[in-house]
Amino acid sequence: MHYLKRIIHNSLKRIAFSLSLLLLTHLIATAQHSRLVNEPVDVSGDFRDFSNTIFFADSLAAFDPATGAGAIKWKRNEPFSAHNFNNSMLSYKRSFSNEFPAIEYAQDPVLPFSVEFTSPRTVRIRANTGAQGPAAGASLMLTGEPARDASWKYSRISGGHQYTGAYGSVTIYENPWKILVRDASGKLLTQTRSQADGKASYTPTLPFSFVRRASDYSRSVAAVFSISPDEKIFGCGESFTRLDKNGQKVVLWTHDPNGVETQTMYKPIPFYMSSRGYGMFMHTTSPITCDFGATYGESNAMQIGDENLDLFIFLGQPKDILDAYTDLTGKAPMPPLWSFGLWMSRITYFSEQDGRNVAAKLRQNRIPSDVIHFDTGWFETDWRCDYRFAPSRFRDPEGMIADLKKQGFRTSLWQLPYFVPKNELYPEIVAKGLAVKNANGTLPYEDAVLDFSNESTIKWYQDKIAGLLKLGVSAIKVDFGEAAPLSGVYASGRTGFYEHNLYPLRYNKIVSELTRKMTGDHIIWARSTWAGSQRYPIHWGGDAETTDKGMEAQLRGGLSLGLSGFTFWSHDIGGFTMKTPEDLYRRWLPMGLLASHSRTHGQAPKEPWEYGEDFQNYFRKAVEMKYKLMPYIYTQSKLASEKGLPMVRALLLEFPEDPGAWIVDNEYMLGTDLLVAPLFENGKTRQVYLPKGQWTDYQTGKTYGSGWHEIATGELDVVLLVRGGAVLPHVKVAQSTGEIDWTNIELRNFGQAASAKVSLYLPGQDAVRELTVVKKGGRYVVGTDPFGGKVKWSIR
């Protein structure tokens, strides 16, 4: 009996152990396959799924040189697990048709492909992965249908075709199919990777290909190009990781990262540029995974969720590339002058009296400012957006807005496109079908998310915003926008796979165009974006951590966005997440003010008097510096907007011939002539890299040559240097931009040359004008004056 009990006991233990293993296996599997709502979609996994079929670009099956249209033969392959010495790796092998009836489906399909030229610098490559091409219709990402450029000349070469233009050449080889891109000197910039290119390695690598998913027979493209030694890659939107993306895997999917220290982004942009002298724009709204040598060092694999490839390649230096890219997708118009002043905000002012008190204290303490922003608290219930001022706390909102304007303040309001069930607008939104639905015809989430692909939704929403603008509101904060449901079925007829990334662009456009129509100003304050959103300024950097690393990552994000075609970018000075420590606020403040647009915002308090008199005086001096520099900032903004350049720009844009400029990601140029090196740690000095030329410290007057220097800050906790030979226009301090005296301008000369040119754009002008400063009798005077005596000049 005892023996039988022991057998039963041991058997039960074995059963329990087996069940535990099964449960653990299930939990691991569940954890590996669980998805969170709005989790970024990484399409690269489809190219590693053993149930899928991969088609490799093999050969050019047909080609018409006159039109650039032809066809590619794609060879069928499948992933498999290769084994050697207790090691397994993913590889690919030739496979054969598994469709029935076989006569109806090609073993190795021949599908349309084309090469077009849309400008002397721009090449367009398109390829279909199925019989059905892209849907007809205008693209919201583009300013219009791209033109055809006839300047490229065709020549037949051995085994292929070549087109040569003013800035480079494109060669198409027939077998194996391959595209090579060269600059005007003949230097190879990049080329597509074929299966044959992997022969030099034991590591199986993905060539230019497309995948067909076994789950639904949908397809995605892998546009795979080469990466060269020491190549550096920049762009992809407001990415907070290392500025050079070579070696990184970047997923382009709009997402709320709840901060600035993760890999996900509020503002992914399907565009990048290379230090080799080219850039690429992936014209799609599908999710994209850019594997910039992360999986394999020589391979730049742009794994694009779209079933059809539409790729633009730009040739030239970084400024040329941004100009060409924004010619295609649009350039930022100039925002109104008042928007360049200080925006005063916190989360949040809860009442009319709060707003009036802050405005009064700013004027009383002589702190220049132009905007009072009301964040989430102007409704009856905090965060519950119903587009109505809380009657209990805002006695006369229209009167308040008018009074603030008389004092030189504009009013900005927060809102969002999501509606919780307790919101009184929720039943109307659901009943009228204004929200995104799922395949069941119900809401994907508990919240209602406005469907901006629905014309009825746009009208309903714009009516709400218009009511606020009629009250005198000057700017709308276009918050959130990153959570359009992936599972949604939109009024456009498409799912979230294509509408999710497009949502911020629709959102930005709808508010910006209405504001422009009603106020005459190009102005929003937006967090999320996609390609083309730069046409609707301004965008800010999201909810930064209130830490040194948060400050550092915030700048990297801004530099990266600037290298993605955005001229105007701002951020929450001091960080967002908690009360800003005073030492961090002191260091962050000049970085935030040395930008086109500046806003203090985040957890209370943000007002300088809340930190004591010493800090308030420091704050005033920092803001006064920006207002004195307003002619320079305003002029540089106009110049930047005309060329698709950022105001906060990476050094590589101004100094592309300087190898050091390509590796520095913690300094920036404000326009062409001011170099800003913020302090990311408590202290009074930092290492600063200076490109070629002479540089003068704006605060101390000390001069430096090129190279690395340990430089001390001046009165403000920032290192600010002026490029040798620059002449910076200044005005006297005013309490708002509306009070600036533009008829009296001081020109500060930081050069020794016999003459210098000064660009200047004044309010109300139609263009930037250029005057000259010349040396006469040991002093400088104005030479050519395009303003005809309307401006009184002083020079020092």
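The values are calculated or read from the model by the stated rules, or taken from the named source; none is laboratory data. Keep in mind that what you see is a predicted model, and the values were worked out from it rather than measured. Neighbour counts are summed over all protein chains in view; Cβ atoms, including those assigned to glycine, are modelled from backbone coordinates with ideal geometry.
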Handout entry: Matching residues, region 507-523, being within 18 Å of the chain's Cα centre (by Cα), surrounded by fewer than 24 Cβ atoms within 10 Å (Cβ to Cβ) and over 16 Å from Pro336 (Cα atoms)
Key = Lys509
Practice task
Just one of (1) in contact with a helix residue (DSSP H, G or I) (Cβ under 9 Å, 6 or more places away or on another chain); (2) outside any strand (DSSP E or B) trips up Arg384, so point out which.
Solution key: (1)
Handout entry: Cβ pairs under 6 Å, 6+ apart, first in region 691-704 and β-branched (Val, Ile, Thr), second loosely packed, with under 14 Cβ neighbours inside 10 Å
Key = Thr696/Thr703
Exercise for the section: Run down Thr600, Thr577 and say which single residue is assigned by TED's automatic domain parsing to the domain that holds Val623 and modelled with pLDDT under 95. Expected result: Thr577
Practice task
Name every residue in region 347-363 that is buried (at least 20 other Cβ atoms within 10 Å of the Cβ) and either part of a helix (DSSP H, G or I) or basic (Lys, Arg) (or both), in order of residue number.
Solution key: Glu352, Gly355, Val358, Ala359, Leu362
Handout entry: Pick from region 401-419, criterion outside any strand (DSSP E or B) and touching a Phe, Trp or Tyr at 6+ places or on another chain (Cβ under 7 Å), ranking: surrounded by the fewest Cβ atoms within 10 Å (Cβ to Cβ)
Key = Leu416
Practice task
Output the residue which, of all residues in region 372-400 that are touching a Leu at 6+ places or on another chain (Cβ under 7 Å) and surrounded by 15 or more Cβ atoms within 10 Å (Cβ to Cβ), is farthest from Lys422 (Cα to Cα).
Solution key: Ile372
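Name the one entry in Glu681, Glu624 that is over 25 Å from the mean Cα position of the chain (by Cα) and closer than 26 Å to Tyr349 by Cβ.
Numbers: Glu681 fails: closer than 26 Å to Tyr349 by Cβ.
Testing whether each residue is over 25 Å from the mean Cα position of the chain (by Cα) and closer than 26 Å to Tyr349 by Cβ leaves just Glu624.
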Exercise for the section: Tally the residues that are within 13 Å of Phe750 (Cα to Cα) and part of a loop (DSSP other than H, G, I, E, B), restricting the search to region 773-796. Expected result: 1
Problem - Qualifying residue in region 572-584 (condition: of a type in the set (A, V, I, L, M, F, W, C) and in a strand (DSSP E or B)) - result: yes
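Suppose we keep only residues that are in a strand (DSSP E or B) and basic (Lys, Arg) within region 692-750. Which one would you say is farthest from Asp583 (Cα to Cα)?
Here is the first cut: in region 692-750, the ones in a strand (DSSP E or B) are 695-697, 703-704, 707-712, 718-723, 727-730, 744-749.
Filter once more, keeping what is basic (Lys, Arg): 723, 748.
On the way: Arg723: 28, Arg748: 31 Å.
The qualifying residue farthest from Asp583 (Cα to Cα) is Arg748.
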Problem - Close pairs (6 angstrom Cβ cut-off, 6 or more residues apart or separate chains): assigned by TED's automatic domain parsing to the domain that holds Trp177 and within 14 Å of Pro112 (Cα to Cα) in region 50-62, polar (S, T, N, Q) and outside any strand (DSSP E or B) anywhere - result: Ser59/Asn175
Practice task
Would you check which residues across region 667-691 are in a strand (DSSP E or B) and either surrounded by 18 or more Cβ atoms within 10 Å (Cβ to Cβ) or in the same structural domain as Phe568 (by TED's automatic domain parsing) (or both) and list them?
Solution key: Tyr668, Met669, Leu670, Leu674, Leu675, Val676, Ala677, Pro678, Arg686, Val688, Tyr689, Leu690
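Suppose we keep only residues that are outside any helix (DSSP H, G or I) and out of contact with any strand residue (DSSP E or B) (no Cβ under 8 Å at 6 or more places or on another chain) within region 491-506. Which one would you say is surrounded by the fewest Cβ atoms within 10 Å (Cβ to Cβ)? Break it down stepwise before answering.
Filtering region 491-506 for residues outside any helix (DSSP H, G or I) gives 491-495.
With out of contact with any strand residue (DSSP E or B) (no Cβ under 8 Å at 6 or more places or on another chain) added as a condition, the list becomes 491-494.
Numbers: Ala491: 18, Ser492: 16, Gly493: 10, Arg494: 16.
Going through the qualifying residues, I end up with Gly493.
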Exercise for the section: Looking only at region 141-155, decide whether some residue is touching a residue at least 24 places away in the same chain (Cβ under 8 Å), assigned to a strand (DSSP E or B) and in contact with a strand residue (DSSP E or B) (Cβ under 6 Å, 6 or more places away or on another chain). Expected result: yes
Completion exercise
All conditions in (1) surrounded by fewer than 19 Cβ atoms within 10 Å (Cβ to Cβ); (2) in a strand (DSSP E or B); (3) acidic (Asp, Glu) are true of Asp230 except (2)
Problem - In region 600-621, the residues that are crowded, with 24+ Cβ neighbours inside 10 Å and assigned to a helix (DSSP H, G or I) - result: Pro608
Handout entry: Meets criteria (surrounded by fewer than 19 Cβ atoms within 10 Å (Cβ to Cβ), among the aliphatic types (A, V, I, L, M) and either without any contact (Cβ under 8 Å) to a residue 60 or more places away in the chain or closer than 27 Å to Asp320 by Cα (or both)) for Ala222
Key = no
Completion exercise
Note on region 301-324: residues outside any strand (DSSP E or B) and either over 23 Å from Val43 (Cβ atoms) or assigned by TED's automatic domain parsing to the domain that holds Ala531 (or both) are Gly316, Gln317, Pro318, Lys319, Asp320, Ile321, Leu322, Asp323, Ala324
Exercise for the section: Determine which single condition Glu428 fails, assuming it passes every other condition in (1) part of a loop (DSSP other than H, G, I, E, B); (2) without any contact (Cβ under 8 Å) to a residue 40 or more places away in the chain. Expected result: (1)
Handout entry: Residue check for Lys477: closer than 30 Å to Gly237 by Cα, under 21 Å from the mean Cα position of the chain (by Cα), in contact (Cβ under 8 Å) with a residue 12 or more places away in the chain and in a strand (DSSP E or B)
Key = yes
Practice task
Residues being over 29 Å from the mean Cα position of the chain (by Cα), surrounded by 15 or more Cβ atoms within 10 Å (Cβ to Cβ) and either modelled with pLDDT under 95 or not assigned by TED's automatic domain parsing to the domain that holds Asp64 (or both): count how many of those fall in region 123-171.
Solution key: 1
Exercise for the section: Starting from region 374-397, take each residue that is within 20 Å of Trp460 (Cβ to Cβ) and without any contact (Cβ under 8 Å) to a residue 40 or more places away in the chain and list its partners that are among the small types (Gly, Ala, Ser) and surrounded by 14 or more Cβ atoms within 10 Å (Cβ to Cβ), counting only C-beta distances under 8 angstrom and pairs at least six apart or across chains. Expected result: Phe379/Ala390
